[in-house]
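Undergrad: Encoded as structure tokens, here's the structure I'll be asking about.
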Amino acid sequence: MKKIYQLVFFLLISSSAFAQFPKPNPAPPSLKINGSELDYFSPKEYIIGGTTVSGTQYLDKEVLITLSKLNKGDRIVLPGEATANAIKNLWAQGLFDDVQLNIDRITGDSVFFDIAVVERPRLSSIELKGLRKSERTAISEKLNESGKIINDNLYNTTRRTITNYLLEKGFFFTKVEFKTRKDSAQDNSQILEAWVDKGNRVKVHEIVFTGNKDFSSAKLKKYLKKTKQQAFYKVFGSGKFSKEKYQEDKLKMIAKMHAKGYRDAEILKDSVYKYNDKSVGIKIDLHEGPKYYFGNITFVGNAKYPTKFLQQVLAIKKGEVFSEEKLEKKLNNDPNNGDINSLYTDDGYLTFNAEPVQTKVYGDTVDLEIRLVEGQQFTNNRIILKGNTITNDRVVMRQIRTKPGEKFKKNDLIRTVREIDALGNFDEAKTSPLPKPNPADGTVDIEYTVEEKPSDQIELSGGFGAGRIIGTLGLTFNNFSLRNLFNINAYKPLPKGDGQKLSIRGQTNGKFYQSYSFSFSEPWLGGDKPVSFGISGFTSLSNYSYGLNTSADAQQRIRLNGITVSIGKVLNWPDNFFQITHALNLQQFILNNYPGYKFSTGTSYNLNLQEVLSRDSRDSPIFPKSGSYLRFTLQLTPPYSLMNKVNYATASDKERYKFSEYHKWKFEAQWFQRVVGNLVIKAQAQFGFLGQYNSAVGQSPFERFKLGGDGMMGFDFLQGSEIIAMRGYANNAVIPLGANVAQAQQSGSPIFNKYVLELRYPVIDTEQAKAFIVAFAEGGNTWDRFRDFNPFNVRRSAGVGAKIFLPIFGLLGIDYGYGFDKIPGISAANNYGRQGFTFSIAQQLGGF
């Protein structure tokens with residue numbers, strides 16, 4: 001009977017140690033004695049003579065002894081809690097499948113223990129089942145568990161990593177089950193198989209608000225921009241639920257409520273619950289609070305400007321709806337520099353700070369005190385440039401408007417960054433100015449950090465025109481260095497670094513058609529002043545009779561040669577966004593039996609002077625979000641008919657048009673305005689008019705306008721004509737009412753106008769590429785006579801498209817437009833002049 005009591009007492013002590021650590025079918029703990037018997041009703045104190053560990057493969061035995069607290073020399077009462085605690089401490093590590101504590105021997109008053117363990121297997125790898133390859137790759141990168149013990153903690157961590165990843169992808173009800181199998185390649189290692197059931201991507205079936213009084217549920221749902229509720233009228237659905245986007249939407253919703261004057265608005269609690277297997281519901285409990293209004297606004301610390309003037313700049317009146325967003329904008333973050341911070345920092349007060357303090361809240365009114373720290377005026381000292389590994393310092397430094405010795409201006413800093421980016425040689429996202437004030441002497445050093453990017457472009461394309469394949473190769477070097485042309489060490493693969501531009505382009509389908517051109521421009525002639533110089537030339541030949549058995553005189557061909565020399569200057573009045581350019585152009589047209597013009601055989605010369613006045617304040621050359629682009633062009637030839645003695649009433653066409661005479665007027669305007677976020681609206685208007693000096697001579701057969709299509713030269717280079725893109729219509733399809741179709745498409749029209757309204761949104765904005773999608777509406781038309789001109793009588797189109805800018809290729813585009821108006825005279829077989837898709841490559845950003 002005594003032994004039975006002893007056994008029951010031992011089991012009670014041991015089971016209490018393991019009750020907190022359940023394990024499937026664990027081996028019962030035991031305390032075995034070799035050669036001696038413990039009296040459980042007569043505990044006795046012993047000295048631990050030593051502790052050994054058996055059964056370990058990978059674990060440190062000394063660490064396990066320390067964890068058991070059975071250290072040599074310690075005193076222990078047997079039987080007692082110390083042995084149970086030793087086993088409990090080891091089980092708590094989650095490292096073992098079995099733990100037993102044995103008394104190896106008792107010698108006198110010394111006891112010797114042996115801890116026998118069976119280690120749990122270790123993880124060699126995790127195999128993910130039920131997922132796509134891309135999902136497996138993404139999750140595996142987050143799971144770095146190799147070598148860890150396979151236990152409940154590993155299961156929980158793995159399950160949480162998988163479900164969190166899939167939750168962000170819209171899989172709200174993911175289930176994960178685990179299986180293990182032995183890894184034959186490694187001892188005591190197992191492969192963990194995670195079997196994943198993703199379930200369905202879920203949508204939001206309902207969004208329920210409580211606590212809202214002044215804000216309707218419909219209004220609050222609109223504030224959740226990326227978390228949309230399902231509705232029957234949403235043709236393409238409401239999108240997948242994303243936990244991350246939902247968290248962002250909650251913050252933005254509360255910010256909107258604050259901006260409406262509800263400064264106490266907050267989310268008390270919210271929950272996302274399962275509605276069915278394919279959707280979830282969202283419940284948001286709100287506290288709106290009262291609507292607040294601005295009260296008295298006072299300024300303290302202002303010595304530079306009087307309070308009345310600062311209140312005018314702040315432009316917030318007493319009684320307006322209280323909005324911290326508006327207050328912050330008018331103090332520090334007006335994108336048009338209409339804030340108080342810009343007022344000071346544009347006058348040298350670099351360390352200026354404005355802190356609004358709510359001094360009194362009474363009823364629904366908030367009084368504010370704007371505490372200003374004006375600081376001192378700073379003068380620019382050293383200008384430091386870093387990161388330009390290819391471009392020479394002087395090329396960048398001449399764009400910098402923060403000059404040493406001048407008063408610091410924030411606007412000059414912003415303008416400098418814009419103009420450095422406009423060079424096209426640096427990654428716009430990496431251009432960073434860093435002012436370093438020196439309060440001791442009132443100066444500031446400004447450090448500009450840039451990062452070079454590939455800026456050269458290649459145009460390599462094939463096209464189809466006049467029943468033949470056309471090949472094009474174009475090379476543009478945007479950071480060329482002419483002065484190093486004969487310096488072999490400067491070739492990388494061509495000499496670079498001086499900011500000059502060299503462009504070479506060839507287009508041909510063999511001897512039937514050939515066109516070659518080159519251009520070179522130096523933005524700073526002499527390197528000291530913003531005076532630009534450019535020279536370009538081209539030659540093209542089209543032989544419509546090549547390969548036919550015709551004599552040289554009977555062949556239909558045209559050759560066009562030309563050269564242009566230009567010089568331009570940046571103006572300081574009316575402001576320094578203006579530039580004027582003077583260009584002298586000489587073109588030669590050699591026709592032989594070539595139809596479609598005023599004469600078919602002969603030579604004509606076009607010598608003209610071109611004056612261009614432009615203003616460009618766009619904040620980016622690729623994807624402008626603000627600013628404008630204006631250009632007025634006047635092109636004049638000498639009035640030959642007023643100086644020579646030719647009788648044009650009886651002169652032949654060959655003699656009449658030997659020297660082209662005309663005056664040509666063009667105007668283009670583009671405006672860019674941010675609507676919300678990165679959504680930008682672009683408005684554009686263009687007009688062109690080709691006039692004549694002498695009605696007896698008539699209008700020039702060259703320098704006319706061709707409207708419609710992608711705006712690219714292509715095979716149909718339209719000798720002497722300007723090509724104006726208009727999406728939704730085929731190339732050259734928009735012709736005057738009543739005109740001969742073939743002749744009008746061949747020779748062009750003397751008058752055109754065009755309007756564009758475009759919504760743009762960026763989808764990629766990285767160093768490697770920039771891309772944006774567009775929705776557009778266009779209208780345009782052409783006329784033969786000014787008396788028929790009506791700027792509101794236009795052919796209309798609308799559509800969508802996408803543009804991508806790659807540094808090596810330039811701007812590439814694809815658009816789909818629908819032309820609403822049929823072009824009279826063009827047959828149904830040619831779709832009445834309409835065309836859906838248009839493509840463009842290396843397109844210029846301006847309209848002409």
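Undergrad: Please indicate, with yes or no, whether at least one residue in the range 610-628 is over 47 Å from the mean Cα position of the chain (by Cα) and surrounded by fewer than 18 Cβ atoms within 10 Å (Cβ to Cβ). Explain how you work it out, then say what you get.
TA: The initial filter retains those residues of the range 610-628 that are over 47 Å from the mean Cα position of the chain (by Cα), namely none.
No, there is no match, as no residue in the range 610-628 is over 47 Å from the mean Cα position of the chain (by Cα) and surrounded by fewer than 18 Cβ atoms within 10 Å (Cβ to Cβ).
Undergrad: Kindly check whether there is at least one residue in the range 139-158 that is surrounded by 17 or more Cβ atoms within 10 Å (Cβ to Cβ), among the hydrophobic types (A, V, I, L, M, F, W, C) and in a strand (DSSP E or B).
TA: yes
Undergrad: Please verify whether the range 239-250 includes one or more residues that are modelled with pLDDT of 90 or more and loosely packed, with under 13 Cβ neighbours inside 10 Å.
TA: Among the residues of the range 239-250, at least one is modelled with pLDDT of 90 or more and loosely packed, with under 13 Cβ neighbours inside 10 Å, which makes the answer yes.
Undergrad: Next question. Enumerate the pairs (first residue in the range 205-225 and without any contact (Cβ under 8 Å) to a residue 24 or more places away in the chain; second residue anywhere and not acidic (Asp, Glu)) with beta-carbon separation below 7 Å, excluding pairs fewer than 6 apart on the same chain, so at least 6 apart or on different chains.
TA: Every condition considered, the pairs that remain are Ser217/Phe209; Lys221/Ile207; Lys221/Gln229.
Undergrad: Hey, another quick one. Do the conditions hold for Asn753, that is, is it in the same structural domain as Gln699 (by TED's automatic domain parsing), surrounded by fewer than 16 Cβ atoms within 10 Å (Cβ to Cβ) and at negative phi?
TA: Working: in the same structural domain as Gln699 (by TED's automatic domain parsing): yes; surrounded by fewer than 16 Cβ atoms within 10 Å (Cβ to Cβ): no; at negative phi: yes.
So Asn753 fails the test.
Undergrad: Looking only at the range 523-567, filter to residues that are modelled with pLDDT of 95 or more and not hydroxyl-bearing (Ser, Thr, Tyr); which one of those is farthest from Lys496 (Cα to Cα)?
TA: By that ranking, first place goes to Ile563.
Conditions (1) modelled with pLDDT under 85; (2) farther than 30 Å from Val176 by Cα; (3) buried (at least 19 other Cβ atoms within 10 Å of the Cβ); (4) in contact with a helix residue (DSSP H, G or I) (Cβ under 8 Å, 6 or more places away or on another chain), marked per residue:
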position: Lys61; (1), (2), (3), (4): yes, yes, no, no
position: Asn85; (1), (2), (3), (4): no, yes, no, yes
position: Lys88; (1), (2), (3), (4): no, yes, yes, yes
position: Arg105; (1), (2), (3), (4): no, yes, no, no
position: Asp109; (1), (2), (3), (4): no, yes, no, no
position: Ser125; (1), (2), (3), (4): yes, no, no, no
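Undergrad: For Phe589, state whether it is in a strand (DSSP E or B), closer than 30 Å to Gln556 by Cα and at pLDDT below 90. Write out each step before concluding.
TA: Details: in a strand (DSSP E or B): yes; closer than 30 Å to Gln556 by Cα: yes; at pLDDT below 90: yes.
Against the criterion (in a strand (DSSP E or B), closer than 30 Å to Gln556 by Cα and at pLDDT below 90), Phe589 qualifies.
Undergrad: For Glu135, only one of the following conditions fails: (1) surrounded by fewer than 17 Cβ atoms within 10 Å (Cβ to Cβ); (2) of a type in the set (Asp, Glu); (3) in a helix (DSSP H, G or I). What is its number?
TA: It fails just one condition, (1).
Undergrad: Tell me, yes or no, whether the range 69-82 has at least one residue that is buried (at least 16 other Cβ atoms within 10 Å of the Cβ), in contact (Cβ under 8 Å) with a residue 24 or more places away in the chain and part of a helix (DSSP H, G or I).
TA: Quick first cut of the range 69-82, residues buried (at least 16 other Cβ atoms within 10 Å of the Cβ) only: 70, 76, 78-79, 82.
Narrowing the set further to residues that are in contact (Cβ under 8 Å) with a residue 24 or more places away in the chain leaves 70, 76, 78-79.
Add one more test, that the residue is part of a helix (DSSP H, G or I), and what stays is none.
Looking for residues that are buried (at least 16 other Cβ atoms within 10 Å of the Cβ), in contact (Cβ under 8 Å) with a residue 24 or more places away in the chain and part of a helix (DSSP H, G or I), one finds none in the range 69-82, hence no.
Undergrad: Of everything in the range 629-682, what is over 48 Å from the mean Cα position of the chain (by Cα) and assigned to a strand (DSSP E or B)? Give them in sequence order.
TA: Phe659
Undergrad: Now for a different question. Starting from the range 405-424, take each residue that is under 20 Å from Lys386 (Cβ atoms) and list its partners that are in a helix (DSSP H, G or I), counting only C-beta distances under 7 angstrom and pairs at least six apart or across chains.
TA: Within 7 Å, the pairs are Ile420/Val396; Asp421/Glu428.
Undergrad: Identify all residues within the range 565-609 that are of a type in the set (A, V, I, L, M), surrounded by fewer than 18 Cβ atoms within 10 Å (Cβ to Cβ) and either closer than 24 Å to Ala744 by Cβ or touching a residue at least 12 places away in the same chain (Cβ under 8 Å) (or both); write none if there are none. Spell out the reasoning first.
TA: The first filter runs over the range 565-609 and keeps only residues of a type in the set (A, V, I, L, M), leaving 565, 567, 570-571, 580, 583-584, 586, 590-591, 607, 609.
Narrowing further to those that are surrounded by fewer than 18 Cβ atoms within 10 Å (Cβ to Cβ): 565, 567, 570-571, 580, 584, 586, 590, 607, 609.
Selection gives Val565, Ile567, Val570, Ile580, Leu584, Leu586, Ile590, Leu607, Leu609.
Undergrad: Still on this structure, please answer the following. Quick check on Asn212: is it within 30 Å of Asp264 (Cα to Cα), in contact with a helix residue (DSSP H, G or I) (Cβ under 9 Å, 6 or more places away or on another chain) and not in a strand (DSSP E or B)? Lay out the reasoning, then the answer.
TA: On the way: within 30 Å of Asp264 (Cα to Cα): yes; in contact with a helix residue (DSSP H, G or I) (Cβ under 9 Å, 6 or more places away or on another chain): yes; not in a strand (DSSP E or B): yes.
It is true that Asn212 is within 30 Å of Asp264 (Cα to Cα), in contact with a helix residue (DSSP H, G or I) (Cβ under 9 Å, 6 or more places away or on another chain) and not in a strand (DSSP E or B).
The values are calculated or read from the model by the stated rules, or taken from the named source; none is laboratory data. Quantities reported herein were computed from a predicted structural model and do not represent experimental measurements. Virtual Cβ from ideal backbone geometry, glycine too; neighbours counted across all protein chains shown.
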